[in-house]
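Following: one structure in structure tokens, then a few remarks.
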Amino acid sequence: MSERIDLKALAGELGPKFGEGAAERDEANRFPAENYVLLKEHKVFSAQIRVELGGGGATHGEMCAFVRAIGRHCGPTALTLSMHQHLVAAAVFNHAHGKPGQKLLEKVVAGETVLVSTGANDWLASNGSVERTDGGYLVSAYKPFASGSPVGQIMVTSAPYEDPVEGWQVLHFPVPLSAEGVSLAGDWDTMGMRATGSQTVVFDKVFVPEEAVALRRQRDAYHPAYNVILTVAMPLIVSAYVGVAEAAAEMATGMAARRGGDPVAPYLLGELPNLLTTAQLAADSMVAIANDLSFDPVTDTANAILVRKTIAATAVMATAEKALETSGGGGFFRKSGLERLVRDAHGIQFHPLQEKRQQHFTGRMALGLDPIEMSEEQKLPRAAE
């Protein structure tokens with residue numbers, strides 16, 4: 001049996017180290033591989049797994065706090081870690097509820113295996129093509145936003161398959177990134193979060209054995225699995241961005257204090273904590289709803305998480321922009337570091353569900369409708385030929 005990990009102490013030790021070279025990595029679009037070496041050495045990738053299985057025994061809430069603390073020093077490291085950790089959290093939840101998950105957890109424990117997700121980016125339709133073959137499937141697809149892929153070892157993803165009897169389905173499965181037919185596009189060149197390595201992963205007739213398929217669901221329909229995925233994932237992801245916002249606010253406050261008698265500064269410094277507190281409260285509420293993975297996996301739970309994600313996203317971006325204004329212009333210089341934080345903060349809006357999609361989802365639920373609208377044709381299985 002392994003020992004329980006102390007993530008709070010570890011954040012204090014590793015955070016400043018992760019911040020070293022953050023500007024240079026941003027400038028070069030370079031993945032923080034050196035930070036991942038330290039995370040592996042301290043067994044952070046297996047931290048949420050129970051000690052009985054060889055993990056660190058950390059709670060989901062503790063991991064959210066760790067990600068947030070790291071985000072204050074290096075947003076890209078925090079964000080990529082959150083992507084791995086949400087897959088672990090989902091597997092922990094599923095294993096605890098008698099569903100597949102233990103095999104993936106054992107792989108993570110065995111070698112601090114780094115997991116990569118296309119996550120909710122694939123959403124309900126997924127993308128790609130699937131051909132039936134002996135013993136499994138051949139999958140071809142382009143999977144963008146694969147954070148951590150430069151050092152990832154297993155990708156947890158999905159692809160659409162037209163079953164001759166059941167019609168369109170989506171298959172969910174893990175794939176080793178070393179598998180034949182898998183390649184990295186090297187196309188991650190963005191405004192912010194430039195060091196996450198979130199490039200497109202390309203599948204060219206990659207073999208997926210039948211036994212690797214963990215879930216089959218109807219394409220385009222909302223599936224209960226997302227009640228788990230969204231509830232465990234979004235608090236972790238949002239925590240990374242709240243850490244970025246906290247760093248931006250702290251930096252801007254220091255810059256404003258150095259401006260002496262600027263009569264506008266008190267107003268700006270009064271607005272800034274209001275915006276930041278909104279982001280913090282929304283994130284804290286998301287963590288509370290997830291309740292250390294003791295939650296009811298129903299659509300109302302996922303909806304509550306998504307509402308708070310939008311509130312947090314709006315507040316994170318507003319905090320970063322107000323921090324830039326509060327800096328009095330000094331933050332506009334790249335050497336200040338604040339400009340990078342502002343760019344990084346804007347990445348939060350693109351994580352599912354985006355604001356208008358969340359509002360549509362939530363509004364349909366308020367009307368007593370299914371959260372996702374499907375056509376009558378989509379609802380019907382295809383007749384066997």
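All of the numbers you see were taken from the coordinates with simple rules; none came from a lab. Just so it is clear, the model here is predicted, and its values are computed rather than measured. Cβ atoms come from the backbone with ideal geometry, glycine included; neighbour counts cover every protein chain shown.
Here the label points at Ala366 and Glu271, each 7 Å from Cα along the C-beta direction, are separated by 2.7 nm in the simple model. Backbone phi angles across the stretch 329-339, fed through the Karplus curve with coefficients 6.51, -1.76 and 1.60 (θ = phi - 60°), yield HN-Hα couplings of x, x, x, 6, 7, 4, 5, 5, x, 5, 4 Hz in residue order; Gly and Pro are listed as x.
Which order results if Asp187, Asp122 are arranged by neighbouring Cβ count within 10 Å, fewest first?
Fewest-to-most ranking of Asp187, Asp122: Asp187, Asp122.
Considering only C-alpha atoms, what is the centroid distance from the stretch 27-102 to the stretch 177-251, in Å? Each part's Cα centre sits 13 Å from the other's. Whole-Hz Karplus values for the stretch 173-182 come out as 6, x, 9, x, 6, 8, 5, 4, x, 9 Hz, taken residue by residue from phi with 6.51 cos²θ - 1.76 cosθ + 1.60 and θ = phi - 60°; glycine and proline positions read x.
Taken along the Cα-to-beta-carbon direction at a fixed 7 Å, the label points for Asp296 and Ala221 span 2.3 nm. In this structure, the amide hydrogen of Lys205, modeled 1.01 Å from its nitrogen in the peptide plane, lies closer than 5 angstrom to those of Val139, Ser140, Ala141, counting only residues at least 5 positions away or on a different chain. Build a GNM of the chain with springs between Cα atoms under 10 Å apart, and of Gly135, Gly152, Gly347 the one that fluctuates most is Gly135.
Exposure proxy shown here: for Met365, Met286, the number of other Cβ atoms within 10 Å sets the order, fewest to most, as Met365, Met286.
For Tyr142 and Glu166 in one chain, what is 0.36 nm times their gap in residues minus the Cα-Cα distance, to one decimal in nm?
Stretched fully, the Tyr142-Glu166 segment lengthens by 6.2 nm.
Only lysine pairs 8 or more places apart or on separate chains count here, and in the chain those with Cα atoms under 20 Å apart total 15.
When the GluC sites (Glu not before Pro) in the stretch 192-277 are filtered for DSSP coil states and for at most 11 other beta-carbon atoms within 10 Å of their beta-carbon, no site remains. For Ile154, Ile372, the sequence from fewest to most other C-beta atoms within 10 Å is Ile372, Ile154. Our summary gives the stretch 119-218 a relative contact order of 35 percent, counting only alpha carbon pairs under 8 angstrom and 6 or more residues apart. In order along the stretch 360-369, the phi-based Karplus estimate (6.51 cos²θ - 1.76 cosθ + 1.60, θ = phi - 60°) of 3J(HN,Hα) comes to 5, 4, 5, x, 5, 5, 5, 8, x, 9 Hz; Gly and Pro are listed as x. Every Cα-Cα pair of the chain was included, and the share exceeding 27 Å stands at 49 percent.
For the stretch 86-177, the relative contact order comes to 25 percent (Cα pairs under 8 Å, sequence separation of at least 6).
Close amide H contacts of Gly54 (hydrogens built in the peptide plane, cut-off under 5 Å, sequence separation of 5 or more or a different chain): Ser2. Annotation: extensible slack from Phe332 through Ala288 equals 12.3 nm (criterion: 0.36 nm per residue apart, minus Cα-Cα distance). At 0.36 nm per residue, and after removing the present C-alpha to C-alpha distance, how many nm does the segment from Leu38 to Ala9 gain when stretched out fully? Extra length available between Leu38 and Ala9 comes to 9.0 nm. Using a cutoff of 8 angstrom between alpha carbon atoms and counting only pairs six or more residues apart, the relative contact order for the chain works out to 18 percent.
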